1. Looking at (1) surrounded by fewer than 11 Cβ atoms within 10 Å (Cβ to Cβ); (2) hydrophobic (A, V, I, L, M, F, W, C); (3) within 18 Å of residue 58 (Cα to Cα), find the lone condition where residue 14 falls short.
2. Taking segment 142-164 as the search range and keeping residues that are free of Cβ contacts under 8 Å to residues at least 24 places away in the same chain and assigned to a strand (DSSP E or B), which one is farthest from residue 73 (Cα to Cα)?
3. Pick from segment 18-44 the residues that are among the small types (Gly, Ala, Ser) and under 12 Å from residue 58 (Cβ atoms): which of them is surrounded by the most Cβ atoms within 10 Å (Cβ to Cβ)?
4. Being within 24 Å of residue 71 (Cα to Cα) and out of contact with any helix residue (DSSP H, G or I) (no Cβ under 7 Å at 6 or more places or on another chain) is the filter here, so list the residues in segment 140-158 that pass it.
5. Somewhere in segment 106-113, is a residue part of a loop (DSSP other than H, G, I, E, B) and not assigned by TED's automatic domain parsing to the domain that holds residue 26?
6. Kindly indicate the residue of segment 112-141 that is small (Gly, Ala, Ser), in contact (Cβ under 8 Å) with a residue 12 or more places away in the chain and more than 12 Å from residue 170 (Cβ to Cβ) and also surrounded by the fewest Cβ atoms within 10 Å (Cβ to Cβ) among those meeting that condition.
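The values are calculated or read from the model by the stated rules, or taken from the named source; none is laboratory data. These figures come from a predicted structure and were not determined experimentally. Every residue, glycine as well, gets a Cβ built from its backbone with ideal geometry; the counts of neighbours run over all protein chains shown.
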Amino acid sequence: LFYGEEIGMGENLAAEGRQAVRTPMQWTPQKAAGFSTAEPDAFPNPLVDGAFGPQKINVYDQSRDPASLLSRMRLFIERYRESPELAWGDYRLLPTGEDAVLTHVCCAGDGTVLAVHNFADRPHSVRLELAEAGSGGRLTDLLDEQHTGLKAGQDGMFNIDLPPYGYRWLRVGTPADDPESIASG
């Protein structure tokens with residue numbers, strides 16, 4: 001990520017060269033965007049205007065909105081840090097039968113994460129066989145705050161639905177790894 005992309009900040013395309021991406025950070029919706037107490041016309045580069053300006057795109061507002069791009073980026077970072085398999089694990093691609101869907105599994109130590117990405121503008125459903133899940137395996141969605149899970153079907157296959165441009169990061173586990181099954185005996 002480059003400066004400001006975590007909030008969807010725009011660039012000043014009127015500026016020449018690299019100055020286009022060196023606009024003041026948009027911390028607040030106020031006149032100077034919380035960047036400085038100076039008047040905006042004294043800034044080395046002007047603030048972005050319009051739909052990507054600080055009145056609409058800023059850290060203050062997005063920090064308070066659980067559905068914002070900044071909140072989503074924070075969640076990605078947290079889950080990535082909690083999932084060393086994604087950075088340090090061995091990976092392999094899984095066939096899906098869908099050209100628009102990329103699926104890979106990452107394994108490190110005792111941990112396994114399945115990542116599924118839909119690059120199409122329409123929904124896709126994929127069926128996957130995942131040996132790492134074992135018999136009765138479960139997948140826990142790392143990017144869903146409710147941590148919804150999926151169980152393998154009777155045939156040992158997982159059915160994963162993805163919205164247009166959707167994605168899921170799923171931790172692979174077994175019933176013994178599930179706190180609810182541990183609590184229920």
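1. Result: residue 14 fails condition (3) only.
2. Of everything passing the filter in segment 142-164, 151 is farthest from residue 73 (Cα to Cα).
3. Checked segment 18-44; the qualifying residue surrounded by the most Cβ atoms within 10 Å (Cβ to Cβ) is 33.
4. Correct list: 140, 141, 144, 145, 146, 147, 148, 149.
5. Restricting attention to segment 106-113, the residues satisfying the condition of being part of a loop (DSSP other than H, G, I, E, B) are 109-110.
Then drop every residue that is not not assigned by TED's automatic domain parsing to the domain that holds residue 26, which leaves 109-110.
Yes: segment 106-113 contains one or more residues that are part of a loop (DSSP other than H, G, I, E, B) and not assigned by TED's automatic domain parsing to the domain that holds residue 26.
6. The selected residue is 135.
So that you can scan it fast, the table gives a plain yes or no per residue for (1) within 15 Å of residue 160 (Cβ to Cβ); (2) more than 18 Å from the chain's Cα centre (by Cα); (3) acidic (Asp, Glu):
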| residue | (1), (2), (3) |
| --- | --- |
| 80 | no, no, no |
| 85 | no, no, yes |
| 96 | yes, yes, no |
| 117 | yes, no, no |
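Conditions (1) in the same structural domain as residue 120 (by TED's automatic domain parsing); (2) more than 20 Å from residue 6 (Cβ to Cβ); (3) in contact (Cβ under 8 Å) with a residue 60 or more places away in the chain; (4) in contact with a Pro (Cβ under 6 Å, 6 or more places away or on another chain), marked per residue:
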| site | (1), (2), (3), (4) |
| --- | --- |
| 22 | no, no, no, no |
| 27 | no, no, no, no |
| 45 | no, no, no, no |
| 60 | no, no, no, no |
| 65 | no, no, no, no |
| 73 | no, no, yes, no |
| 91 | yes, yes, no, no |
| 96 | yes, yes, no, no |
| 100 | yes, yes, no, no |
